[in-house]
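Shown next, in C-alpha cells, is the structure this report addresses.
The values are calculated or read from the model by the stated rules, or taken from the named source; none is laboratory data. Small disclaimer: the values here were computed from a predicted structure and weren't measured. Counting neighbours? That spans all protein chains shown, and the Cβs are built from the backbone with ideal geometry, glycine included.
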Amino acid sequence: MRIIKKSKEINSLFNSIRRTGFVPTMGSLHKGHESLIKKSIKQNNITFVSIFINPKQFTNKNDLINYPRRLNDDIKICKKLKVDYLFLPSFKEVYSWKMKMKKYPKIKSIMEHKYRKGHFNGVLKVIEKLSDIIPANKMYLGEKDFQQLKIIEDYFHLNKINTKIIKCKIIRDKNGLALSSRNKLLAKKDLLKAARIINFIKKNILKKKPLNDKIKIVKKYLKDSKINFDYVKNINIKNFEIEKKKTKYSRFFIAFYIKNIRLIDNI
Ligand code: AMP
C-alpha cells in the first residue's frame, strides 16, 4: 500500500491505471468502512481510500474537535485489506487550489439539510475536490448516509461526472446498532441504549398499524426515555419526499442524541 499526501502524485497515476474504485472516509475506520473497501477491491483493479476530516461539513465546532481520530489503526486496517493507495491530504492540499466552478444540486430542506445547516454544502465542496483529484470509475458510499449518497449522486449527474456510485448496505453491530465512527465516543451502556431504540423502531415498523400511529409510538418512546431527537420520518428514497405508507422505496429515518452524540440511521 502506498500512502499519498499530495494530489499531484495522483494525477500521474491516472495515466496508467484502469478500473479504479474510490472510498472516501473521515477515518476511525470500522467494519462499515471495511465493507465498502472490500467491495471496491473486489470490483476494481485499483482501490483508493481517502481519510480526511472535512471541517467544512461540521456544523458544530465541538463535534469537529471531538471527532474520533485513529490514524495508526486506520493505516493498519487499510494495509490488512490490501488497499492500493491511501490518500491522506492536509486541509491546504484539498482546498488551496481553484477549479472550474461546478453546479450544485438543489437540496430539499428535510432531515440532515434541515437540522445541520450548511452540512451538505461542506460535503459537496469536499466531494467536488476529491472527485477531481481521484476521478475513479466507481465511488463506494454507504446507505447509512442515504441523503448524502443521493445528493452526491445528483451532483455527479448534474456535472456529467463519469463516476458510478455504488450503494453499500448498512453494517450493524450484533446488537442492531449501525456502526459509526461516532460510536467510539460512547460508553458501552450508552451504545446499548442506542441499540434499544433502533430495535424498538425495527419491531414497531413491522406491526400492522397505520404509519402515523407507528411514528407516534416511536416519538412517545423517545420522549418517555428522555432521548432528544431531530426527526423520525418515513421517506421515499427515490425523491426524498415524506411517504405516507410503508412501500418498497420507503425507509424510516431517524436522528437522535445519546449523551450529546448525534446518531443517524435508517431502517
Ligand atoms: P464517514 O467516514 O463517516 O464519512 O463514512 C465514510 C463512508 O462510509 C460513507 O459513505 C458512509 O455512509 C459509510 N459508512 C459509515 N458507516 C457505515 C456503516 N455502518 N455501514 C455501511 N457504510 C457505512
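Of the residues making up segment 177-196, those that are out of contact with any helix residue (DSSP H, G or I) (no Cβ under 7 Å at 6 or more places or on another chain) and part of a helix (DSSP H, G or I) number 11. Do we find that Ala187 is more than 21 Å from Gln57 (Cβ to Cβ) and either out of contact with any strand residue (DSSP E or B) (no Cβ under 9 Å at 6 or more places or on another chain) or within 12 Å of the ligand (Cβ to nearest atom) (or both) in this structure? So Ala187 fits the description; yes.
Working only within segment 150-165, note down all residues that are among the aliphatic types (A, V, I, L, M) and either in the same structural domain as Ser250 (by TED's automatic domain parsing) or surrounded by fewer than 19 Cβ atoms within 10 Å (Cβ to Cβ) (or both). Once the filter is applied, which keeps residues that are among the aliphatic types (A, V, I, L, M) and either in the same structural domain as Ser250 (by TED's automatic domain parsing) or surrounded by fewer than 19 Cβ atoms within 10 Å (Cβ to Cβ) (or both), segment 150-165 yields Leu158, Ile161, Ile165. Of all positions in segment 202-225, at least one carries a residue that is within 16 Å of the ligand (Cβ to nearest atom), at negative phi and either surrounded by fewer than 20 Cβ atoms within 10 Å (Cβ to Cβ) or not in a loop (DSSP other than H, G, I, E, B) (or both).
Name the single residue, out of those in segment 98-129 being among the hydrophobic types (A, V, I, L, M, F, W, C) and touching a helix residue (DSSP H, G or I) at 6+ places or on another chain (Cβ under 7 Å), that is farthest from the ligand (Cβ to nearest atom). Can you show your working first?
Looking only at segment 98-129, we keep the residues that are among the hydrophobic types (A, V, I, L, M, F, W, C), and these are 99, 101, 107, 110-111, 120, 123-124, 126-127.
Subsequent filtering for residues that are touching a helix residue (DSSP H, G or I) at 6+ places or on another chain (Cβ under 7 Å) retains 99, 107, 111, 120, 123-124, 126-127.
Working: Met99: 22, Ile107: 17, Met111: 14, Phe120: 13, Val123: 9, Leu124: 14, Val126: 10, Ile127: 11 Å.
Checked segment 98-129; the qualifying residue farthest from the ligand (Cβ to nearest atom) is Met99.
Identification of helices (runs of 4 or more DSSP H) wholly contained in segment 82-176 with 1 or more residues that are under 17 Å from Ile237 (Cβ atoms) yields 111-115, 119-133, 146-158. State which residue is farthest from Gly118 (Cα to Cα) when the search covers only segment 48-62 and only residues that are without any contact (Cβ under 8 Å) to a residue 40 or more places away in the chain and of a type in the set (A, V, I, L, M, F, W, C). This residue is Val49.
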